[in-house]
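Novice: Take this structure, written in structure tokens, and hold onto it; I'll ask about it next.
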Amino acid sequence: MPAPGANDRPIVIKRVKKVAAGHHGGAWKVAYADFVTAMMAFFMLLWLIANPDKQRLKGLAAYFSPTISDTSPSTPVMGTSEGAGGQARRSSNDSSRANGTPTSEAATSGAARGGTADVPDTSMRVLASELQIALDAVPQDQARKNVAIEPERAGMRITLMDTDKQSMFRPGTAELNPFARALLAKTAAKLAQAGGQIAIEGHTDATGGGQSDANWQLSGARALAARQAMIASGMTPDRFAEVVAMGGTRPVFPDQPDRAENRRITIVLKAEAPSLPTDSSFKF
């Protein structure tokens, strides 16, 4: 019989603690979703490129074509984008004539239909802004402005018009008043900094008939008077390409032919060379 305490060894109980597998995060799901989205966009792009429908491709190109919309002038002028012959007529972009209240042509034409985007040159828009600030400094009737400036791709149109409270000429004559001379002096100072040829259009109201000899003669004499005033303000004579008499054939308000705004001088600046291409739409 073994001696007491000979086999008394300590009993060790081992307890194994089971730990469940750790939870994986969901970041992989986000990455996978991004991958699937990118692949879908890639295959859609391949499908669009392989699509033989040229009209659909042209519409897609027009959607991504750059369009810049300028703010309409404070007194919009309708119907004055046509009138000067030669260079000034070729710079016109408005082929429609509205009736009733005047409207201004949008800065871009045809881009939404997949055509040519007529975006004004950046230098023309900057010059138009500077000229507007300079002309606004000339004291005038605040209720209705005498000035409308429209930058275009081919240049810029500056319209100086009468209002019912402020005229530019002595009634029935081609004699400029001090107000008109101040406007033309500011205009000449700004346009002297830009290149390009200048055309001047003279317009009268339709008193006595838009096609009357008196209106044709008066509109031509007023256009010449504006040219002489600009030359006296520092503009060189070689800058002027055309002086055009329009009579009363291009009223701002066709349904109100005797309205004061129909009596106006339009100065058309033809830019030397646009910085943007003629057609900014995509080609396929």
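Novice: List pairs: first in the stretch 192-207 and assigned to a loop (DSSP other than H, G, I, E, B), second among the hydrophobic types (A, V, I, L, M, F, W, C), Cβ under 7 Å, 6+ apart or cross-chain?
Specialist: ALA192/MET235; ALA194/LEU127; ALA194/LEU269; GLY196/LEU269; GLY196/ALA271; THR204/LEU218
Novice: Buried (at least 18 other Cβ atoms within 10 Å of the Cβ), touching a residue at least 12 places away in the same chain (Cβ under 8 Å) and part of a helix (DSSP H, G or I) - does that describe any residue in the stretch 160-172?
Specialist: Let us first name the residues in the stretch 160-172 that are buried (at least 18 other Cβ atoms within 10 Å of the Cβ), namely 160-163, 166, 168-169.
Subset that is touching a residue at least 12 places away in the same chain (Cβ under 8 Å): 160-163, 166, 168-169.
Narrowing the set further to residues that are part of a helix (DSSP H, G or I) leaves none.
Among the residues of the stretch 160-172, not one is buried (at least 18 other Cβ atoms within 10 Å of the Cβ), touching a residue at least 12 places away in the same chain (Cβ under 8 Å) and part of a helix (DSSP H, G or I), which makes the answer no.
Novice: Here's a follow-up. Going by the structure shown, is ASN146 modelled with pLDDT of 90 or more and of a type in the set (S, T, N, Q)? Spell out the reasoning first.
Specialist: Details: modelled with pLDDT of 90 or more: no; of a type in the set (S, T, N, Q): yes.
So ASN146 does not fit the description; no.
Novice: Turning to a different aspect of this structure: Could you check the stretch 213-248 and list, in sequence order, the residues that are assigned to a helix (DSSP H, G or I) and in contact with a Ser or Thr (Cβ under 6 Å, 6 or more places away or on another chain)? I'd like the intermediate steps shown before the answer.
Specialist: Residues of the stretch 213-248 assigned to a helix (DSSP H, G or I): 213-232, 237-239.
Answer for the stretch 213-248, where residues must be assigned to a helix (DSSP H, G or I) and in contact with a Ser or Thr (Cβ under 6 Å, 6 or more places away or on another chain): ASN215, LEU218, SER219.
Novice: Among residues belonging to the stretch 254-284 that are farther than 29 Å from PHE240 by Cα and polar (S, T, N, Q), point out the one that is modelled with the highest pLDDT.
Specialist: GLN256
Novice: Please specify each residue of the stretch 18-69 satisfying the condition of being part of a loop (DSSP other than H, G, I, E, B) and at pLDDT 70 or above.
Specialist: Result: GLY26, single match.
Novice: Go over the candidates ALA206, ALA182 one by one and state the one that is under 23 Å from ILE133 (Cα atoms) and surrounded by fewer than 22 Cβ atoms within 10 Å (Cβ to Cβ). Spell out the reasoning first.
Specialist: Numbers: ALA206 fails: under 23 Å from ILE133 (Cα atoms).
When all the criteria are applied, what remains is ALA182.
Novice: Are there any pairs, at least 6 apart or on different chains, whose C-beta atoms fall under 8 Å, with the first in the stretch 245-263 and more than 19 Å from ALA226 (Cα to Cα) and in the same structural domain as ALA223 (by TED's automatic domain parsing) and the second aromatic (Phe, Trp, Tyr) and part of a loop (DSSP other than H, G, I, E, B), and if so, which?
Specialist: ARG259/PHE253
The values are calculated or read from the model by the stated rules, or taken from the named source; none is laboratory data. Because the structure is predicted, anything quoted here is derived from the model rather than measured. Cβ sites come from the backbone with ideal geometry, for glycine too, and all protein chains shown count toward neighbours.
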